[in-house]
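The structure appears below as structure tokens.
The values are calculated or read from the model by the stated rules, or taken from the named source; none is laboratory data. Just so we're clear, the structure is a prediction, and the values are computed from it rather than from any experiment. We place every Cβ from the backbone using ideal geometry, glycine too, and count neighbours over all the protein chains shown. Surface accessibility is based on the protein's heavy atoms, side chains included, excluding ligands, DNA and RNA. Shrake-Rupley method; radii C 1.70, N 1.55, O 1.52, S 1.80 Å.
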Amino acid sequence: MEHHDGIALEVDQLKKVFRDRGTREVRAVDGISFRVAPGEVVGLLGPNGAGKTTTIKCILGLIRPTSGRVAILGRDVASHYPGILSQVSAVLEGSRNLYWRMSVWENIEFFTGIHGLPRRQHRRYFEHLVERFGLADKRDVEVRKLSQGMKQKTAVVCALAKRTPLVFLDEPTLGLDVETSYELRETLKDLAEEENRTVVLSSHNMDVVQDVCKRVIIMTAGRVVADDSIEHLMGLFKTRAYRLVLRGPAPEGLEAGLAAHFPGLEVQSTPHMTQVRLRLPEPNDIYMLMDLLRDAGATIEEISQEEPDLEKIFLEIVRKERENQCNSRIP
Amino acid sequence: MQLAHTLTAVARRNITMMKRYLFNTVSALISVYMVFCLAFFGMKAFAAASASRALDGTFEGTIVGFFVWTLAIFGYSGLSWELINEAQTGTLEQLYLSPAGFKWVCTFNLMVDFLVNVAAAVVFLFAMMATTGRWLNLDVASIAPLLIVTVLGAYGAGFALGGLALVFKRIQAFFQIVQFAFIGCLVIPWRIPWARFLPLSMGNGLIYRVMAEGKRLWELPAADVLTALAVGAAYLAVGLAVFSTCERAAKARGLLGHY
Ligand SMILES: Nc1ncnc2c1ncn2[C@@H]1O[C@H](COP(=O)(O)OP(=O)(O)OP(=O)(O)O)[C@@H](O)[C@H]1O
Ligand SMILES: [Mg+2]
């Protein structure tokens, strides 16, 4: 792989407004900017309709952006089109990406061929990929005869086989069972590391993103609302989420007292014990929590920091963003 | 060099697909042949009944017409169906990701298909000549250039319809109307002044003169040949213009991957 220091992908004030017959406007992508360093594996997250697919297609020139600039490996995409496409490959969401009437191998040869790769020279690598994705015995089977998971893996193989420094994967694990999805993400992770490729991966499957990506960009309503390393995000949320077990049923008025101070409060009470889950708005609020518990006469049996996962973090960020938007609309 | 790999890939794909869809290819040829037989034996019965020689030369005209029509139809439908199908099967966007540019993928596809279509049309031509017992003048050096000039118009229509399919998606009905319009273009005598500006017409007339009347290319009136070329090129240019306008609209409205 060629070595590029600097920036693999730069998106600058990218904007796409769809106009539906003049009247309605959809701001699918609303002036987003981000940069991806070479070798980075970035997750693109967001609820349905957040603008992930539109962003990816704008970067690839499949959708013409309303405004903004995209550069790949330091070269402006618009002025180097379509030659610049030799640096990127993609599995696109929702479409088949493959010829169902051709075999796995024929598809690989075709898509790398129109990418400008001589097929003989890369045969070994194709074989290696097919092997890695567990498709070796399906090599010569027509794609339409494969299961959904195998089709999806074939699409990923066809993209990776182009050996581009930059790879876009839009929902590569859609419709895969737990095992296949696990296998796919392990393989992706290994390959990204081994070959030092830059990967932008969009998925609703948080386990996949958490496992494969080091950094996430979270979008809602066409905007970037978080862009951070997963490790850092985990750290941020980790310090604030607690789980406590109290002896006996919940003391009178405890729930109401806590609810006034701590968001995300959940209290589950049985005659023998009470479980409390909450988040601290500020790190030092732990003292206030202790005071409230002592005043209520509670006995703490257990206290633990909740291990956040990406899914919870994602939901929390998206929820906050929605609240902010609602608030900003009320004058 | 990269373009060469793209060409190879497209050629290999088309041949693979043709093998997979062999039944379709063969049955398309057979049905055109059957339509021809109907037309031929119908005319023959009519000529016998009217006991006139009015239809003399018409058989030759019919053979030439069918020959040009199959090539035009295969070229036109191959191109526009390709675009419609690619959009429907979700491979179109992948083709648009070729660093050579989609236009080269498309051009190579068209060139490969053209060669295959010519082979099929020649087989069909011999079948027609054998059926009717009328052996036409097969002066390849004269026919080949005229054929290319003639089908330019069909490819123009193919590009235009393919482009419209990118934006409007469901245009199958329209697609078939154009197919029949081609028959009209081939049947209208090209000596009618305005008919020479229709796609296929003029070229078809010139091919008839080579195949049925035994003329060589350079014996044909240069003005006619140039007109046929200009008309074909004009239709192709208009078709390409429609295609790029539609492509731009499809990219602006995010329609390339939709169907
Ligand atoms: N071709 C189009 N024409 C009009 N509006 C569109 C078009 N494509 C997308 N949109 C709109 O743009 C917004 C963003 O869509 P996009 O497909 O980018 O979202 P996404 O984040 O990929 O969602 P998902 O998670 O469901 O895949 C949505 O409101 C969608 O309705
Ligand atoms: Mg999407």
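See the values below:
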{"read-out": "Distance (nanometres) between label positions extended 7 Å along Cα→Cβ at A:H80 and A:E323", "value": "4.4 nm"}
{"read-out": "Ranking by accessible area, most exposed first, for A:K189, B:K19 with a 1.4 Å probe", "value": "B:K19, A:K189"}
{"read-out": "Antiparallel DSSP beta bridges within the protein assembly as shown, percent to nearest 5", "value": "70 percent"}
{"read-out": "Solvent-accessible surface (1.4 angstrom probe) belonging to A:V178, in square angstrom, nearest 10", "value": "130 Å²"}
{"read-out": "Placed amide H near A:L201: partners under 5 Å, 5+ positions off or other chain", "value": "A:V42, A:G43, A:L44, A:L169"}
{"read-out": "Solvent exposure, largest accessible area first (probe 1.4 Å, DNA, RNA and ligands not counted), of B:Y235, B:Y208", "value": "B:Y235, B:Y208"}
{"read-out": "Beta bridges by DSSP in chain A, antiparallel share as percent, to the nearest 5", "value": "70 percent"}
{"read-out": "Over 29 Å (Cα to Cα) - which of A:K16/A:K189; A:K145/B:K19; A:K320/B:K251; A:K153/A:K320; A:K16/A:K320 fall in this group", "value": "A:K16/A:K189; A:K320/B:K251; A:K153/A:K320"}
{"read-out": "Charge dipole (the protein assembly as shown, unit charges on Cβ, about Cα centre) - positive-most of A:V130, B:A9, B:L220", "value": "B:L220"}
{"read-out": "Two-site FRET efficiency, A:D177 against B:F180, from Cβ-Cβ distance with R₀ of 51 Å, rounded to 0.05", "value": "0.55"}
{"read-out": "Partner aspartates and glutamates for B:K44 [C-alpha distance under 17 Å; skip if fewer than 8 residues away on the same chain]", "value": "B:D56, B:E60"}
{"read-out": "For the stretch A:8-50 versus the stretch B:166-237, the gap between their alpha-carbon centres in whole angstrom", "value": "48 Å"}
{"read-out": "Partner chain coverage, peptide A:75-85 - average Cβ within 10 angstrom", "value": "2"}
{"read-out": "Among A:L44, A:L184, A:L265, residue whose mean-square fluctuation peaks in a GNM of chain A (springs only between Cα atoms under 10 Å)", "value": "A:L265"}
{"read-out": "Listed residues B:K169, B:K215, B:K103, most fluctuating in chain B (Gaussian network, C-alpha, under 10 Å)", "value": "B:K103"}
{"read-out": "3J(HN,Hα) from dihedral phi, the stretch A:69-74, Karplus parametrisation 6.51/-1.76/1.60, rounded to Hz, x for glycine, proline", "value": "9, 10, 10, 10, 6, x"}
{"read-out": "Interface residues, the stretch B:62-97 - accessible area loss of 20 Å² or more versus chain alone, probe 1.4 Å", "value": "B:T89, B:G90, B:T91, B:E93, B:Q94, B:L95, B:Y96, B:L97"}
{"read-out": "Ranking by accessible area, most exposed first, for A:D291, A:D140 with a 1.4 Å probe", "value": "A:D140, A:D291"}
{"read-out": "Spin-label model distance (nm) - A:E127 vs B:M111, 7 Å beyond Cα toward Cβ", "value": "3.2 nm"}
{"read-out": "For the pair A and B, total buried accessible area rounded to nearest 100 Å², probe 1.4 Å", "value": "3100 Å²"}
{"read-out": "Rounded to the nearest 10 Å², the accessible area of B:H258 at probe 1.4 Å", "value": "90 Å²"}
{"read-out": "Accessible carbon and sulfur surface of the protein assembly as shown relative to its total accessible area, %, 1.4 Å", "value": "58 percent"}
{"read-out": "Residues of type aspartates and glutamates that A:K15 reaches as a straight line, Cα spacing below 17 Å, ignoring anything fewer than 8 places off in the same chain", "value": "A:E25, A:D30, A:D76"}
{"read-out": "Residue-averaged beta-carbon neighbours from other chains (10 angstrom radius) around B:15-25", "value": "2"}
{"read-out": "Among A:R279, A:R120, A:R197, residue whose mean-square fluctuation peaks in a GNM of chain A (springs only between Cα atoms under 10 Å)", "value": "A:R120"}
{"read-out": "Relative contact order of the stretch B:63-216, pairs being alpha-carbon contacts under 8 Å that are 6 or more residues apart, as %", "value": "37 percent"}
{"read-out": "Centroid-to-centroid separation of the stretch A:273-320 and the stretch A:117-153 [C-alpha atoms, Å]", "value": "49 Å"}
{"read-out": "Helical segments meeting 18 Å axial Cα length and Kyte-Doolittle 1.0 threshold in chain B (DSSP H)", "value": "B:22-50, B:102-132, B:140-168, B:172-187, B:222-252"}
